[in-house]
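Colleague: I'd like to ask you about the structure that follows.
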Amino acid sequence: MSKLKKAIIPAAGLGTRFLPITKAVPKPMLSVLDKPTIQYIAEELESVGIEEVIIVVSPGSDVIKNHFAKNESLEKTLIEDGKTALYEIAKKTASFNVKFVTQEIPNGLAGAILCAEPFVKDEPFALLLGDELIYAGKKDVPCMKRLADIFNQTGKSVIATMEVFGDDVSKYGNIGYSEEVDGVMTVNALVEKPSVNDALSNNAIIGRYVLSGEVMSMLKTLKPKGREIILTDALDQLAQDGKLLASCFDGVRYDVGDKLGYIRANVEYALRSEELGQEVREYIKELATKI
Ligand code: G1P
């Protein structure tokens, strides 16, 4: 079994829900507090020991590349000024081993994954969707670590899920499963954004996966539906063959592709911040008395 060494972050969405900021600023560079969302996602991989991260970007995303590159003059100035803590922050962004690939045609999630194929070939890969942040907290096993551990123990592809209720089931991929042992479900079917009546369970797929190398070859052979090849079709095939597992994630998920989710992320990360948390808490309490 190949070891998990690569990760793909599809981050080529145009971000039209965030216009006008996304006209000139790529969506993955939108900041939660002081850090772009794409960096939070890259940091999720620190607990996993991934050797190479492939970020799939849209054309004109040089600012993302600059973010992950070394900025020698900034680092030099911060050192000269004795601002060591800031120097460490500035230096960190260049420490990720990141490769970029441009998704020229907006042909969906599977299209983005296929853009990364020259780097991943037939190796297993972690997949982290760029519109979601997962906050693990200090005590929990981070979501990606849990998926990587399950993959390394079983050699099977594994996806993270969360429980959803009511109309929310129609917003996500949905799994059916045959058994659950120690929190690991054996998936036997998968349906993308079902109606409430067609849902197989209350378990929705969140944007975190560890997939075996065969998924890449399946995506290459699957017939497109309309313009798009559908990742769920490949995952459903794995599920039918008993090769797909799922685990309910532990932590807090933020949908930063949505304005309210983005605001929530900013407020909650600010509340957790050592620098600002106390002041923000007092501000929110005071504000709450007025609204
Ligand atoms: C994608 C997946 C879906 C999953 C969701 C999680 O959908 O296709 O199965 O539940 O991400 O956010 P999208 O949100 O890109 O439409």
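The values are calculated or read from the model by the stated rules, or taken from the named source; none is laboratory data. Keep in mind the model is a prediction, meaning the values are calculated, not measured. Positions of Cβ are generated from backbone atoms using ideal geometry, with glycine treated the same way; all protein chains shown enter the neighbour counts. To get the accessible areas, we keep the full protein, side chains included, count just its heavy atoms, and leave off ligands, DNA and RNA. Shrake-Rupley method; radii C 1.70, N 1.55, O 1.52, S 1.80 Å.
Colleague: Which pairs, out of Lys145/Lys259; Lys35/Lys65; Lys5/Lys65; Lys65/Lys138; Lys156/Lys193, put more than 19 Å between their alpha-carbon atoms? Display every interim value, and only then the final one.
Modeller: Working: Lys145/Lys259 28 Å; Lys35/Lys65 15 Å; Lys5/Lys65 21 Å; Lys65/Lys138 29 Å; Lys156/Lys193 24 Å.
Among Lys145/Lys259; Lys35/Lys65; Lys5/Lys65; Lys65/Lys138; Lys156/Lys193, the Cα-Cα distance tops 19 Å for Lys145/Lys259; Lys5/Lys65; Lys65/Lys138; Lys156/Lys193.
Colleague: Averaging sequence separations of C-alpha pairs under 8 Å and six or more residues apart, then dividing by the length of region 7-163, give the relative contact order as a whole percent. The partial results should precede the final answer.
Modeller: Values: 184 pairs, mean separation 51.1, N = 157.
Relative contact order for region 7-163 comes out at 33 percent.
Colleague: Another question, if that's okay. Just flag the GluC sites (Glu not before Pro) in region 1-70 sitting in loop per DSSP whose Cβ has no more than 16 other Cβ atoms within 10 Å. Display every interim value, and only then the final one.
Modeller: On the way: sites: Glu43, Glu44, Glu46, Glu51, Glu52; in loops: Glu51.
Passing sites in region 1-70 are Glu51.
Colleague: Sort the following peptides by mean Cβ neighbour count (other Cβ atoms within 10 Å, averaged over residues), highest first: 155-167, 6-18. Before the final figure, lay out the partial values.
Modeller: Numbers: 155-167: 18.0, 6-18: 21.3.
Averaged packing, sorted descending, gives the order 6-18, 155-167.
Colleague: Would you please give the FRET efficiency between Leu276 and Lys99, computed as 1/(1 + (r/R0)^6) with r the Cβ-Cβ distance and R0 = 22 Å, to the nearest 0.05?
Modeller: Numbers: r = 34 Å, r/R0 = 1.54.
Efficiency for this residue pair is about 0.05.
Colleague: Related question: How far is helix 143-154 tilted, in degrees, relative to the longest principal axis of the Cα atoms in the chain, given as a value from 0 to 90 rounded to the nearest 10?
Modeller: 40
Colleague: Now for a different question. Testing the spin-label approximation: label points 7 Å from Cα along Cα→Cβ at Ile263 and Glu72. State their distance in nm.
Modeller: 4.5
Colleague: Only bridges with both residues in the chain count here: give the DSSP antiparallel percent, nearest 5. If you can, show how the numbers build up before the last one.
Modeller: Numbers: 28 of 47 bridges.
If we restrict to bridges inside the chain, about 60 percent are antiparallel.
Colleague: Enter the accessible area per residue of region 113-253 (Å², integer; probe 1.4 Å; all protein chains in place). Don't skip to the end; give the middle numbers.
Modeller: Working: 6440 Å² over 141 residues.
Computed with neighbouring chains in place, this is 46 Å² per residue.
Colleague: Per q in 0.16, 0.28 Å⁻¹, report the Debye log10 I(q)/I(0) for region 148-217, using one uniform scatterer on each alpha carbon and no solvent.
Modeller: Relative scattering, expressed as log10 I(q)/I(0), comes to -0.56, -1.30.
Colleague: Ratio to report: Rg/Rh of region 42-196, with Cα atoms as the point set and Rh obtained by the Kirkwood method; give two decimals.
Modeller: Values: Rg = 19.1 Å, Rh = 18.6 Å.
Computed over Cα atoms, the ratio is 1.03.
Colleague: Turning to a different aspect of this structure: Which FRET efficiency value, to the nearest 0.05, is calculated for Lys65 and Leu287 with the Förster distance at 35 angstrom and r the Cβ-Cβ distance?
Modeller: Working: r = 38 Å, r/R0 = 1.10.
Efficiency at R0 = 35 Å is approximately 0.35.
Colleague: Another one. Please sort 191-201, 235-245 by packing, taking for each peptide the average over its residues of neighbouring beta carbons within 10 angstrom, highest first. Could you put the intermediate results ahead of the total?
Modeller: On the way: 191-201: 13.7, 235-245: 19.4.
Top to bottom by mean Cβ count within 10 Å: 235-245, 191-201.
Colleague: In addition: Evaluate Rg over Rh across the chain, taking Cα atoms for both radii and Kirkwood's formula for Rh.
Modeller: Rg/Rh for the chain comes to 0.98.
Colleague: Moving on. List the trypsin sites (Lys or Arg not before Pro) within region 246-291 that DSSP assigns to loop and that have no more than 13 neighbouring Cβ atoms inside 10 Å. Don't skip to the answer; put the middle values down first.
Modeller: Numbers: sites: Arg253, Lys259, Arg264, Arg272, Arg281, Lys285, Lys290; in loops: Lys290.
Sites meeting the loop and neighbour criteria: Lys290.
Colleague: At a Förster radius of 51 Å, what calculated FRET efficiency corresponds to the Cβ-Cβ distance of Val196 and Glu80, to the nearest 0.05? Each step should come with its number before you reach the end.
Modeller: On the way: r = 61 Å, r/R0 = 1.19.
Working from the Cβ atoms, E equals 0.25.
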